[in-house]
Amino acid sequence: MIELSVVIPTYNRVERLRSCLESLNRQTLATSHFEVIVVIDGSTDETREMLQKFESAYRLRPIWQENSGQARALNRGIQEAKGPYCLFLDDDIIADPELVAEHLRARHQFPNALVVGQLTLSLPTNAGWYARAFAQGWREHYDRLNQEPTKLSWEDCYSGNMSAPREALLECGGFAVDIIRGYDVDLASRLEKQGCTLVYASNALGCQEEQKGFREFSRDAENAGKVDAMLYQQDPLRLTQALGSFAQGSWRKLLLRRLLLTLHIPPIWLEFLGGLIGRKARHYSLFSLTQTLCYWRGVRKSGGADLWRQLTSGTPILMYHAIGLSHEPANPYVLPADRFAAQMTWLKRLGYHPITLKNFLVCQRERRPIPVRSVVITFDDGYADNYTHAYPVLQRHNIPATIFLVSGYIGLANEWDKKKQLAHRPLMSWPQIMDLVQQGIQFGAHSCTHPTLTAVPPAQAEEEIALSRRQLEEKLDLPIELFAYPYGEYDPTIQTMVQQAGFAASCTVDAGLNTLITPPFSLRRTEIQGTDSLARFWLALWLGDAEALGWRRKQTD
């Protein structure tokens, strides 16, 4: 009884197809359990003649069609399949003897799953530096999946080694034939929405004979950018990690990406540069930069100017502490009121649009583009001067803000400051907080007593987090969904505690811009210090880091 139909689309690669079919002769699974369908997509080489003479231990069914593209060839294979499950293999895959058996084993365990096998690469001996760097990234990708198989996403589902229920494939319409690349991950996304689970089968091992060079890799990357932008415009929930990643990472990488794309530097120049670099350790970084450049060239061509600006801008979340009187000496945690007023004035003159942190999170949750030049203003601790000095400036400029409160010290003073720069500084009272609530200021929790959560016993950390939310909600009669880590210290355990306490997101003091894919429980914030110039303030807005270019040393509280 045929349980699995192996579908192999092919076009003018007769010798590689022969090697693929020979590897299927060596499968440990009884040949009565599977068939092999080769869809010849208008090949003009000797593919048809080779298939007529090929001696297979399994049932082999060649099917001819006029050249229509790989997606249509795959769909033809689905239509012709006799088995309840389809296993897709590329014609340059050498199947491990256990590959088909491992797919069928996973199918029996997870009947309604999309099962993805592991792919390794085999390079020719004369492969250039670019292909070798690609292979390194490929290995690292599967190493991560091997270590954490549950992290498999629809973006990891490649049709070179993938199986799915035939009925589900037919129901969703099969592979999309109107996109130039990525029809396998597109299919995986639609199957997942349809109810299929995603399963990684590391022992379903196939080796791909990689023959591509710079021209093919760069074209693939540009086409991927075009397709990702097109699909995202059709459905925002189809946002890929790559499409949401432009402003992620260090300010140096962000600055370099912006510079290269603004100057329209041809990717071939970077490939040429790689050939001149003798140190192989630098090849992968240059390869990644080049592929990123190609990808975003594709996004720019397909998505249009508005989408391009939305996806490449990133959103800074600015963090303040105390706002002092104009005659009060500035220090890293106390910004004189006149400087704060100047910053808010320049914020508007530079064309930035302040939004609430909650609005940013709504866009992120719905994967809707965040308006260009958006910025979020936050304050930590909840000092009384936020009410007396900061709010009038915010009100004058119609700027929303979020203030993170230390719930156990409301109406009292800062008694936790070890550096003494904010020690004994008065904190807002409940009437002041309630007045700001009426004015539209949003509030979040900053723990009960401002301890270093990673340094106290877990039970105490959990109580600090959960109790701060309860105290604020009971007093304000409002849902408190936002949290900020005291001193910016957190780890995965603390993040889990915050999530389990019912918060929707939490802020760090890790510098950088935020995008649609920034994890909500590690939102980046840029601290604005009291001694910062307007130039540093501009860097915080543009690159998400006031320390960019080495202009000052970071201090946090």
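Read the figures in this text as sums done on the coordinates, not as results from a lab. Nothing here was measured: the structure is a model prediction, and the numbers come from that model. Cβ coordinates were reconstructed from backbone atoms using ideal geometry, including for glycine residues, and neighbour counts include every protein chain displayed.
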Past 31 Å, Cα to Cα, is the threshold; run 53/212; 348/420; 82/226; 53/226; 418/475 against it and keep the listed order.
-> 348/420; 82/226; 53/226
For the stretch 479-486, just list the computed ³J(HN,Hα) in residue order, Karplus coefficients 6.51, -1.76 and 1.60, θ = phi - 60°, integers in Hz, with x standing in for Gly and Pro.
-> x, 10, 10, 10, 9, 10, 6, x
Quick one: which residues, 5 or more positions from residue 61 or on another chain, have an amide H under 5 Å from its amide H? H modelled 1.01 Å from N in the peptide plane, none for Pro or chain starts.
-> 36, 37, 38
Working from Cα positions, state the angle (0 to 90°, nearest 10) between the long axis of helix 70-80 and the longest principal axis of the chain.
-> 60 degrees
Take each of the peptides 47-55, 488-496, 79-87, average the number of other beta-carbon atoms within 10 Å over its residues, and list them starting from the highest.
-> 79-87, 488-496, 47-55
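Tell me, in nm to one decimal, what length is gained between residue 255 and residue 144 on full extension, where the rule is 0.36 nm per residue of separation less the Cα-Cα distance? If you can, show how the numbers build up before the last one.
On the way: separation 111, 0.36 × 111 = 39.96 nm, distance 2.80 nm.
Full-extension gain reported as 37.2 nm.
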What residue among 1, 267, 250 has its Cα farthest toward the positive end of the dipole of the chain, where the charges are +1 on Lys, Arg and -1 on Asp, Glu, each on the Cβ?
-> 267
Amide H to amide H, which residues 5 or more places from residue 333 or on other chains are under 5 Å from it, using H placed in the peptide plane?
-> 530
For a quick protection proxy, order the peptides 143-149, 14-20 by their average other-Cβ count within 10 Å, most packed first.
-> 14-20, 143-149
Using mean Cβ contacts within 10 Å as the protection proxy, how do 402-414, 117-129 order, highest first?
-> 402-414, 117-129
Angle in degrees between helix 99-109 and the longest Cα principal axis of the chain, rounded to the nearest 10 = 60 degrees
By the gyration tensor of its Cα atoms, with a ≥ b ≥ c the square roots of the eigenvalues, what is the shape of the stretch 1-100: rounded for a/c under 1.5, prolate for a/b over b/c, or oblate?
-> oblate
Tell me which residues come under 5 Å, amide H to amide H, from residue 444 once H is placed; ignore anything under 5 positions away on its chain.
-> 403, 404, 405
With a ≥ b ≥ c taken as the square roots of the eigenvalues of the C-alpha gyration tensor of the stretch 43-149, please select rounded if a/c is under 1.5 and otherwise prolate if a/b is larger than b/c or oblate if it is not?
-> oblate
Excluding residues fewer than 8 positions from residue 151 in its own chain, the aspartates and glutamates with Cα under 16 Å of it are 140, 143, 192
Let me know the shape class of the chain, please: from the alpha-carbon gyration tensor, a ≥ b ≥ c as square roots of the eigenvalues, rounded when a/c is under 1.5, otherwise prolate if a/b is greater than b/c, or oblate.
-> prolate
In degrees, nearest 10, range 0 to 90: what is the angle between the Cα axis of helix 183-193 and the longest Cα principal axis of the chain?
-> 60 degrees
